[in-house]
Structure formats: structure tokens, C-alpha cells
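The values are calculated or read from the model by the stated rules, or taken from the named source; none is laboratory data. All of these numbers come straight from a predicted model, not from anything done at the bench. Because the Cβ atoms are built from the backbone with ideal geometry, glycine has one as well, and the counts that use them run over all protein chains shown. These accessible areas exclude ligands, DNA and RNA; they are computed on the full protein's heavy atoms, side chains included. Shrake-Rupley method; radii C 1.70, N 1.55, O 1.52, S 1.80 Å.
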Amino acid sequence: MHRVSLLLVLYCCLFAPRPLMAVRRTRHARLEHRPTTEDYSSCSWEVWHSGERSMGLAELSSSMASESKQRKGIMYIVVTGLPSLNKALLAQDTWMTRLRRQDKAVHVCAEDCAQAARGDGPRRLRSVLQMPNALLADCIRPETGKPCNGYHKANLKFPFGLVHTYRRLYANNETLPQWWVLKDDDVYVDVKNLTAHLASHDATQPLILASLAEQCPGVCGSGSVVLSWKLAERMARFGDQWLAGMKSDISTNNFYWDQQLPFYAKKFFPFVAIVDDPYLEPYGPFDDECTGKVSCGKIFGLNRSFHQGGLCKCTSSESPATWHVKENFEKAL
């Protein structure tokens with residue numbers, strides 16, 4: 001019986017449908033070790049389960065895990081909403097099937113999205129963290145005097161997801177991740193490439209990996225932002241201050257979470273290192289940069305070296321770890 005269960009686990013993890021971007025690598029992609037059975041469990045990466053809520057964790061606002069506590073894997077904080085919920089479902093069926101046993105993922109939704117995502121049908125979104133509408137009920141845009149819309153409010157989901165997921169893991173004495181990836185639902189992750197890439201960095205140092213570009217004040221979250229546990233846990237410890245600050249920022253013209261991230265990171269950890277990471281691609285294979293319609297790096301103002309690969313004429317690494325797929329999302333997968 002045990003052998004049958006193991007075979008089912010391996011089939012689930014190893015033989016899931018492979019999307020285009022997982023199959024077509026650049027000619028110079030790094031060779032990586034083939035995963036062993038030790039890397040996989042029953043393909044369960046859920047953190048938040050149906051019916052769970054983030055409330056009741058406020059008393060953990062200043063708690064911080066021991067430095068000696070072992071940390072494993074990658075935590076993916078995926079921000080989604082009703083307009084793009086289908087993208088999150090497609091991602092759940094493709095690249096997320098390749099998450100390792102030690103990896104976890106969370107989908108952060110507002111109340112209306114969370115209710116739709118937790119449906120009983122086969123297209124149910126897993127591991128959903130609901131952000132209460134009341135948090136931004138009084139948010140007003142300065143330029144119009146009207147209430148903030150979903151686009152503005154979505155910027156609070158990134159810190160909210162990290163802070164409350166950390167508190168939940170800490171409260172339940174669960175294994176904490178080495179790395180925290182904050183991303184939109186339309187960012188495709190090459191799990192093997194990202195895992196291999198992060199292994200070259202030291203998560204015990206306060207570190208932000210992101211795209212640094214002229215068109216993105218702060219950092220550019222387009223291809224995702226990666227925080228080391230050293231920084232992420234410190235920011236979660238000061239989570240109430242971070243969330244309160246972002247709530248105020250969303251009512252200003254500087255409302256983007258990634259624009260504000262360096263400010264809060266330096267506030268809570270003055271010696272944080274912010275690194276321009278060429279493995280995080282801020283565009284996808286059908287964007288103008290990749291198809292050759294515009295010169296490499298022009299739109300974002302990236303200061304990087306570029307390569308011509310099988311999927312894109314302007315990749316900034318030989319084995320990209322993430323792609324921001326803004327055009328033809330389903331076709332790209």
C-alpha cells in the first residue's frame with residue numbers, strides 16, 4: 001500500500017502537464033539536479049484552508065522566530081482578484097504543480113474574490129487568504145476625491161499576505177521558508193530555475209531581489225520580488241506598522257507597494273541589500289521586447305546584458321526564473 005501511495009505521489013508531481021515555458025529552455029540553460037523522491041510529498045502546498053481567517057493573529061504582531069530555527073523552501077505570496085482569477089487557476093494547474101515538498105503558496109484575495117475562489121467545483125482555488133474589505137473602506141483618492149478602486153487597494157495585498165501568513169506559520173509552529181516570493185497571478189515561475197538561482201544567495205542576510213529600472217521608482221515588482229527570510233521575518237514582526245503605512249500610501253499618488261518597499265525595508269532593517277536580479281524577467285514571451293518590436297530594456301529602462309533565447313529575443317539571463325506574462329497568458333502557458 002505504501003508503494004502504491006508513493007507511485008501516485010510521484011505521478012502527481014513528475015508527470016503533470018508541462019507548459020510551454022517549462023519545456024522550451026534557452027540553449028544555455030543551467031543543468032540542474034533531477035529531483036529525488038525526497039523532494040516531493042502529496043503535492044500539497046496549501047497554507048490557508050477553507051474557512052480559515054487571518055483575524056485573531058494581532059497578538060503575534062511583535063513575535064519573531066528564533067534565529068536558529070530551521071527554514072526550508074520557498075513561500076509564494078500570489079496576489080489575485082476577480083478580474084484575473086482565471087489566471088490564478090491556470091497557474092495552479094501548470095507551474096504550481098511543480099512546487100517541491102518544502103514549498104508553499106498563498107493566494108491573497110479581497111472578500112468577493114475569496115468567496116468565488118473557494119467554490120465547491122473542480123476549479124476551486126486552493127490556499128486562499130482573504131483580505132477584509134474593511135481595511136480600506138475609507139480609502140479616498142486625492143486626485144478625484146472618490147473611493148480607491150480595486151487596482152489601488154490590491155497594493156495592500158502583498159504586505160498583508162506576507163505578514164498574516166508568517167503569523168499563521170509562527171502560531172502553528174510550522175516550518176518557515178527560506179525565501180518569500182511576492183508576485184501577481186500573471187507571473188509565471190520556472191520552479192527549477194528559481195530554486196537553483198536562489199541557492200546561490202544567502203537567505204540569512206537581509207536581501208531584496210527584484211528588477212531595478214528607470215521606469216520603476218523603488219523596485220519593479222513586475223517579474224516578482226524575492227525577500228530573504230532574514231528581511232521578511234523582520235518586516236512581519238513590524239507588520240502592523242508596515243500595513244498602517246501602506247494603507248496611508250494607497251490614499252496618495254505613491255500607492256504602489258513595490259515603489260514603497262525599499263522605504264519600509266530600510267526602516268525596519270537599515271542595512272538591507274537591494275539587488276537587481278536578471279533572472280526575474282519583467283515581461284513575457286509575447287511582449288514587444290521578446291518579439292523584437294522594441295529594443296531590449298527600452299520600455300522599463302533596464303540596465304542589463306541581454307541574451308537571445310528560444311522564447312524571447314531579450315532575456316536578461318540564460319535561464320530565466322520568472323516571466324511577467326502580460327500578453328496571451330493562456331497561450332504562453
All conditions in (1) in a helix (DSSP H, G or I); (2) touching a helix residue (DSSP H, G or I) at 6+ places or on another chain (Cβ under 6 Å); (3) open to solvent by less than 20 Å² (accessible area, probe 1.4 Å); (4) over 29 Å from A117 (Cα atoms) are true of A203 except (1)
Identify, from the list F271, F255, F286, F300, the residue that is more than 20 Å from H197 (Cα to Cα), in a loop (DSSP other than H, G, I, E, B) and in contact with a strand residue (DSSP E or B) (Cβ under 6 Å, 6 or more places away or on another chain). F300
Taking the condition among the hydrophobic types (A, V, I, L, M, F, W, C), in contact with a strand residue (DSSP E or B) (Cβ under 8 Å, 6 or more places away or on another chain) and farther than 30 Å from K69 by Cα, does V181 pass? no
The listed residue being more than 16 Å from the chain's Cα centre (by Cα), of a type in the set (G, A, S) and surrounded by 21 or more Cβ atoms within 10 Å (Cβ to Cβ), out of G245, G239: G239
Hey, does segment 155-178 have a residue that's farther than 18 Å from G239 by Cβ, among the small types (G, A, S) and open to solvent by 10 Å² or more (accessible area, probe 1.4 Å)? no
Among residues belonging to segment 185-200 that are of a type in the set (S, T, Y) and open to solvent by 10 Å² or more (accessible area, probe 1.4 Å), point out the one that is nearest to G81 (Cα to Cα). T195
On the given criteria, is K298 at pLDDT below 90, open to solvent by 70 Å² or more (accessible area, probe 1.4 Å) and either within 21 Å of D93 (Cα to Cα) or small (G, A, S) (or both)? no
Which one of these is open to solvent by 30 Å² or more (accessible area, probe 1.4 Å) and at pLDDT 90 or above: F306, F255, F268, F286? F286
Within the set of pairs 6+ apart or on separate chains, which have a first residue in segment 220-233 that is under 10 Å from Q178 (Cβ atoms) and open to solvent by less than 10 Å² (accessible area, probe 1.4 Å), a second that is polar (S, T, N, Q) and at pLDDT 95 or above, and C-beta atoms under 8 Å apart? S228/Q178; S228/T204; S228/Q205
